[in-house]
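Structure first, commentary second.
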Amino acid sequence: MEKTAELILDGKTYKLPIVEGTEQERAIDISSLRNQTGYITLDDGYGNTGSCKSQITFIDGEKGILRYRGIPIEELAEKSTFIEVAHLIIMGKLPNNTELRQFSDLLTQNELLDEAMKHHFEGFPAHAHPMAILSAMINAASCFHPELLTDQFRDSFVVQAARLLAKVRTIAAFAYRKSRGLPAIYPNPDLKYTANFLHMMFSLPNRDYELKPEVVKALDLIFLLHADHEQNCSTATVRMVASSRANLFASAAAGVCALWGPLHGGANQAVLEMLQEIHKAGDDGSRFIAAAKDKNSGKRLMGFGHRVYKNYDPRAKIIKKACDEVLTKLHINDPLLDIAKHLEEAALRDPYFVERKLYPNVDFYSGIIMRAIGIPVEMFTVMFAIGRMPGWIANYKEVMEDPTRIYRPRQIYTGATLNHYSSVKDRK
Ligand code: ACO
C-alpha cells in the first residue's frame, strides 16, 4: 500500500505521497500541495528541501557516510583514480580496461584549446582571480562547439563530457600561467590527467617539471575526493541552469561561479589565509577560536561546519592522513599544519563547536597539501572546480534525461502592498 502523510489545513485533511529512496531516506511529495490547498512550503536556504531524485551520490551526514554510486569514498580513495571515478560518476559504473582506455583517449583527443581562445586569456588583467577566468573561459569554449547547442548533443554526450573534463584542466593551467606572466605550456598526450595538469602548471618551455609520484597521487586524491557531493550550492546551480536547457558548458560555468564563494569552494583559500593570519599574529589558534565564537567579530573558523555533515566529514579524515603522509615524504615541516591540528583539537573540545556539531570539512587540510605541492593559494578553488566537474556533468546528464520542468521555486512576498506611481515632483 502506498504510504502517505496526512496534513490538516483549515480543518481539511490532505493526503500527500511519501517517497522513499534506496537508503530509506524519506520525503513528503508536496508537488501537488499548492494546487490542492493554495499553500506553498517555505524553506529558507533549502535545508529541508529535496529538489530532485538522484542516483549519483549518497551522503548520511549524521553517520559521516559518503558514497559515489554506492561505493564508499574510503575504498575509492585507497584504490581508485580521479579518472576512474569520473567515469563511475558520469557513466554510472567503474570502467573496464577497454572503457578506461577509450575514456582516457577521448580526454587526450580533447585536451587542446582552440588557438583563438588564447586571445581571450590576453584580455584579462594580470591580477584577475583564476575562478573568474575559469568560468568565463568555460563559457567561451562553448562558442567553439556549436553542436552543444543542438539536439544532436544527446548523441555525443560522452564526447562533450570528456571535452569539458579535458579542457577545464587546460584552461585552469593557462589561467595560472597568464597570472604569472609565464608562457602557456601545451598538454603532453603521453601524460595521465593529473600529471598532465601539473606539467602544464609548472613546466617551462626549456625544462620539464619533475613529476614526483607522491605529488601526482596527492593531487589526484584531492580531485577524487571533490568529484561529487550531491545537491551542494554549485551542483544545485548547475541543475538549475541545466533545467532551462542551457548547454553543458554554460551550466558548468555557472557552477564555477557558485563554487567561488568563501562559504562553499572558496573556503579552501579562506582556510589557508586564516592559518597564515594566525601564524603571523603569533597566535596558537586560541584567540582566533574565541573570535570565531563571537558573532560580532565577523570571523568563522573556516574549514569547519557543514550543512549536511553533523559528524566528521569522511573526506576530511582521508585528507588529514594524506596531508601527514605527503609532508613527511616531501620532508616539509609546515607550521600551518601544526596550527591546523591545534585548532582542530581545541575546537573539538569546545562546547560551542560540540553543541553545534561543527567538525572539520574537506577544506580544512586540503590547502596545506596544495601548498606543499606548490599550488598557489589563489588556485585552490580552481582545484576544487576541476575535481567537481564529474559531479556537475553527471547531474547535468540526470536533468537532461529526466523530462522535469524548468526549476522555478516560489516565494512568500513580504514587500509593499498595492501602491501607485507618483510623479517626480510629488515624491518626498
Ligand atoms: N565557525 C563558527 N561558527 C560556525 C561555523 C564556523 N565555521 N559554522 C557554523 N557556525 C555556527 C553558526 O554561527 C550558527 O550558530 P548559531 O546557531 O548560534 O546561530 C550555527 O553554527 C549553524 O550555522 P549555519 O551557518 O546555520 O550552518 P549552515 O548549514 O547554514 O552553514 C557552512 C554551513 C556554510 C559550511 C558553515 O558551517 C560555515 O560558514 N563554515 C565555514 C566555511 C566553510 O568551511 N565552508 C566550506 C563548506 S564545505 C564545502 O563547500 C566543500
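The values are calculated or read from the model by the stated rules, or taken from the named source; none is laboratory data. Since we're looking at a predicted model, the values are computed, not measured. Using ideal geometry, Cβ is built from the backbone for each residue, glycine included, and neighbour counts are taken over all protein chains shown. Just so you know, the surface numbers come from the protein's heavy atoms only, side chains and all, with ligands and any DNA or RNA stripped out. Shrake-Rupley method; radii C 1.70, N 1.55, O 1.52, S 1.80 Å.
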Q) Sorted by accessible area (1.4 Å probe), largest first, how do Lys15, Lys53, Lys280, Lys217 line up? A) Lys280, Lys53, Lys217, Lys15
Q) Under unit Cβ charges (Lys, Arg +1; Asp, Glu -1), what dipole magnitude, rounded to 20 debye, does the stretch 113-189 have relative to its Cα centre? A) 380
Q. Which value, in Å² and to the nearest 10, is the accessible area of Glu345 when all protein chains are kept and the probe is 1.4 Å?
A. 110
Q) In what order, largest first, do Asp402, Asp60, Asp190, Asp426 sit by accessible area if the probe radius is 1.4 Å? A) Asp190, Asp426, Asp402, Asp60
Q.
Please list, by residue number, everything in the stretch 314-352 whose backbone N is under 14 Å from a paramagnetic label point 7 Å out along Cα→Cβ of Asp60.
A. 314
Q: Return the loop-located trypsin sites (Lys or Arg not before Pro) in the stretch 132-180 (DSSP other than H, G, I, E, B) with at most 14 other Cβ atoms within 10 Å of their own Cβ; answer none if there are none.
A: Arg180
Q: Give, rounded to the nearest 20 debye, the magnitude of the charge dipole that the chain has about its Cα centre when Lys and Arg contribute +1 at Cβ and Asp and Glu contribute -1 at Cβ.
A: 980
Q) Taking the chain as a Gaussian network, Cα atoms linked when under 10 Å apart, which of Leu219, Leu112, Leu272 shows the biggest mean-square fluctuation? A) Leu112
(Q) How charged is the neighbourhood of Pro95? Take every other residue with its Cβ under 9 Å from the Cβ of Pro95, and add Lys/Arg as +1 and Asp/Glu as -1. (A) 0
Q) To the nearest 0.05, how large is the calculated FRET efficiency for Leu182 and Asp324 if R₀ is 35 Å and r is the Cβ-Cβ distance? A) 0.65
Q) Say the dipole of the stretch 319-428 comes from +1 at the beta carbon of Lys and Arg and -1 at that of Asp and Glu; which of Leu358, Val399, Tyr421 then lies farthest toward its positive end? A) Tyr421
Q | Viscosity 1.567 mPa s, 4 °C: Kirkwood-radius Stokes-Einstein D of the chain over Cα pairs, µm²/s | A | 55
Q. What full-extension length gain, to one decimal in nm, is calculated for Glu210 and Asp43 as 0.36 nm per residue of separation minus the Cα-Cα distance?
A. 55.0 nm
Q: Let me have the 222 nm mean residue ellipticity of the chain computed from DSSP H runs of 4+ only, each contributing -39500 (n - 2.57), with the sum over all residues rounded to the nearest 500.
A: -15500 deg cm²/dmol
Q.
Rounded to the nearest percent, how much of the accessible area of the chain (1.4 Å probe, protein heavy atoms only) is carbon and sulfur?
A. 52
Q | Area of Met91 that stays accessible when all protein chains are in place (1.4 Å probe, Å², to 10) | A | 60
Q: Mind grabbing the accessible area of Val354 for me, 1.4 Å probe, Å², rounded to tens?
A: 80
(Q) Which order do you get for Phe249, Phe202 if you rank them by accessible area with a 1.4 Å probe, largest at the top? (A) Phe202, Phe249
Q. Could you give the accessible area per residue of the chain, probe 1.4 Å, as a whole number in Å²?
A. 52
**Q.** Sites His331 and Cys52, calculated FRET efficiency, Cβ-Cβ separation with R0 51 Å, nearest 0.05
**A.** 0.60
**Q.** Within-11-Å neighbourhood charge of Asn311 [Cβ basis; K, R +1; D, E -1]
**A.** +1
Q: Set the Förster radius R0 to 60 Å, insert the Cβ-Cβ distance between His127 and Lys12 as r into 1/(1 + (r/R0)^6), and round the FRET efficiency to 0.05.
A: 0.50
Q | Selection from Ala77, Gly92, Thr37, by position along the positive dipole direction of the stretch 20-110 (Cβ) | A | Gly92
